[in-house]
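The values are calculated or read from the model by the stated rules, or taken from the named source; none is laboratory data. Because the structure is a prediction, the values reported are computed rather than measured. Backbone-built Cβ (ideal geometry, glycine too); neighbour counts: all protein chains shown. For the accessible areas, the whole protein counts, side chains as well, though only heavy atoms, and no ligand, DNA or RNA atoms are used. Shrake-Rupley method; radii C 1.70, N 1.55, O 1.52, S 1.80 Å.
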Amino acid sequence: MNDLAGKHIVLGLTGGIACYKAAELCRALIKGGATVQVVMTAAAQQFITPVTMQALSNRPVFESQWDAREPNNMAHINLSREADAILIAPCSADFMAKLLHGRGDDLLSLLCLARPLDQVPLLLAPAMNREMWAHPATQRNVTQLRADGATVFEVGSGDQACGESGDGRMLEAQELLDDVIAFFQPKLLSGEQVLITAGPTYEAIDPVRGITNLSSGKMGFALARAAQEAGAVVTLVAGPVHLPTPRGVRRIDVTSAQSMFDVTVQHAQGASIFVATAAVADWRVAKLAEHKIKKETGAAAPSLVFVENPDILAAVAQSPRGRSGALYCVGFAAESQDLLANAQAKRLRKGVPLLVGNIGPATFGQDDNALLLVDEHGATEMKRDAKLALSRRLVAEIAARLQRKEE
Ligand code: C5P
């Protein structure tokens, strides 16, 4: 993963026990491809040493505005001009109050104040006791800092170092990494409500058996992440899969095709984009056995009678909102051969403006994939790449088509 390649981040630490997480965050940012310059306040150094942060960032840590290492003696100017973003993690209540008032009596607050507002974004990861977080003064400061252009990340919830439990923990390093990566993605789908189906379905035969397929859900989950990064509000209707929910995505777990249909049709009402990546079972067993079907010695094997499941994509695409274009529908086709011809035929059969073909055995369970986008103008090939990278490109393709429709 190299999502932060070429990015230079000033990582500022202020006083709080969450400083221990900043060490992990520093590593995560570097693993993500960024270069990291650590700046610590005096309070932060009560919790973790500059030695630790220097070793992890591979750069001397800056602590003081009077640092004589800089030839011009202006560390606050030099450090802020180099940065693609300043990330304060942990950001204490006190430091937020300081930022709010534009104070600059230490290097970190000074460089935040001195940063070119339109070029160097300021990202804050608050960390504090739940009462401090809930205090009207802190909440007022968060609102005003956002109004002043800072991005204030969410806080986590749970056990706190003080022994209390509630909101105010700093997000975990991996969560902050995801948020920083998302921050840098272009907001191509801002204002859009995206609905995605993903994964397989499970059609029960009896209480202990059922029929499913090899879909891992990875493509749909990657697409949900990419759409969320692009600024959309994302609802992910997921069949039974073992994947973590992408940050900021609302996930609704379902099991059968019928339950996926019900949930999807309901949420399609408020959506502006629908992408069906799920591998939905075409048939279900006509009569679900109430109890486990027993194997009797000498008895014939049971035979199963199937009925067809509803086609979610076709139903949504043919709904009034789908037909009018108020809901832009995208289908997927997992084929084993003749991708172009099959995808073109499927696009027309489903009645969707865009259909994405892929080769089933080459995508199920894989972290990468290759796509063929088919619309009324022809086909666009996306060469094999990580599913997240392909998803970001697919998001851009969808955004471009929505834009064209508006013009
Ligand atoms: O017809 P086929 O299953 O090949 O079509 C694949 C596309 O249709 C995918 O986008 C899939 O999510 C969607 N689909 C659906 N409901 C079904 C069957 C397929 O939404 N019952």
The answer for segment 28-178, accessible area per residue at 1.4 Å probe in Å², is 47
Measuring from its Cα centre, the chain shows a charge dipole (+1 at each Lys and Arg Cβ, -1 at each Asp and Glu Cβ) which, in debye to the nearest 20, is 640
Looking only at aspartates and glutamates whose Cα falls under 20 Å of LYS383's and that sit 8 or more positions away or on another chain, we get ASP3, GLU335, ASP338, ASP367, ASP368, ASP375, GLU397
Per its Cα gyration tensor (rounded if a/c is under 1.5, else prolate when a/b beats b/c, else oblate), segment 267-326 is best filed as prolate
Only helices counted: for the chain, with every DSSP H run of 4 or more residues adding -39500 (n - 2.57) and the sum spread over all residues, [θ] at 222 nm is -10500 deg cm²/dmol
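Please get the size of the charge dipole for segment 8-184, origin at its Cα centre, with Cβ charges of +1 on Lys and Arg and -1 on Asp and Glu, quoted in debye to the nearest 20.
In total the dipole reaches around 240 debye.
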So ARG384 and LEU288, fully extended at 0.36 nm per residue minus their Cα-Cα distance, gain in nm 30.5 nm
So the carbon and sulfur contribution to the accessible area of the chain, 1.4 Å probe, in percent, is 52
Under 5 Å from the placed amide H of MET170, counting only residues 5+ away or on other chains, we find MET128, GLY156
Among segment 94-114, those whose backbone N falls under 18 Å of a label point 7 Å along Cα→Cβ from ASN72 are 107-108, 110-114
Computed ³J(HN,Hα) along segment 31-37: with the Karplus parameters 6.51/-1.76/1.60, θ = phi - 60°, integer Hz and x for glycine or proline, the list is 4, x, x, 7, 9, 10, 10
For segment 8-184, the charge dipole (Cβ of Lys, Arg +1; Cβ of Asp, Glu -1; about the Cα centre) points to a positive end, and the Cα of GLN46, ILE181, GLY104 closest to that extreme belongs to GLY104
Scalar couplings 3J(HN,Hα) for segment 266-271 by Karplus 6.51 cos²θ - 1.76 cosθ + 1.60 (θ = phi - 60°), nearest whole Hz, x for Gly and Pro, are 5, 7, 5, 4, x, 8
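Holding the Cα-Cα limit at 25 Å, pick out from LYS218/LYS295; LYS187/LYS346; LYS187/LYS405 the pairs that are longer than that.
Listed pairs above 25 Å: LYS218/LYS295; LYS187/LYS346.
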Rounded to the nearest 10 Å², the accessible area of LEU117 using a 1.4 Å probe with every protein chain kept is 120
Rounded to the nearest 10 degrees, the helix 173-184 long axis (Cα) sits at an angle to the longest Cα principal axis of the chain of 90
When every protein chain stays in place and a 1.4 Å probe is rolled, TYR202, TYR20 sorted by accessible area with the largest first are TYR20, TYR202
In whole percents, the bins of 10 Å from zero upward hold the Cα-Cα pairs of the chain as 5, 20, 25, 19, 17, 10, 4, 1, 0, 0
Helix 339-350: inclination vs the chain longest Cα principal axis, degrees, rounded to 10, gives 80
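May I ask you to order 235-245, 298-308 by the average number of other C-beta atoms within 10 Å around their residues, highest value first? Intermediate values should be presented prior to the final figure.
Working: 235-245: 18.8, 298-308: 8.7.
The packing order, highest mean first, is 235-245, 298-308.
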For ASN213, the residues 5 or more places away or on another chain with a placed amide H closer than 5 Å to its own amide H are THR201
Under the Karplus relation with 6.51, -1.76 and 1.60 and θ = phi - 60°, whole-Hz ³J(HN,Hα) for segment 46-53, x at Gly and Pro, equal 6, 9, 8, 8, x, 4, 4, 6
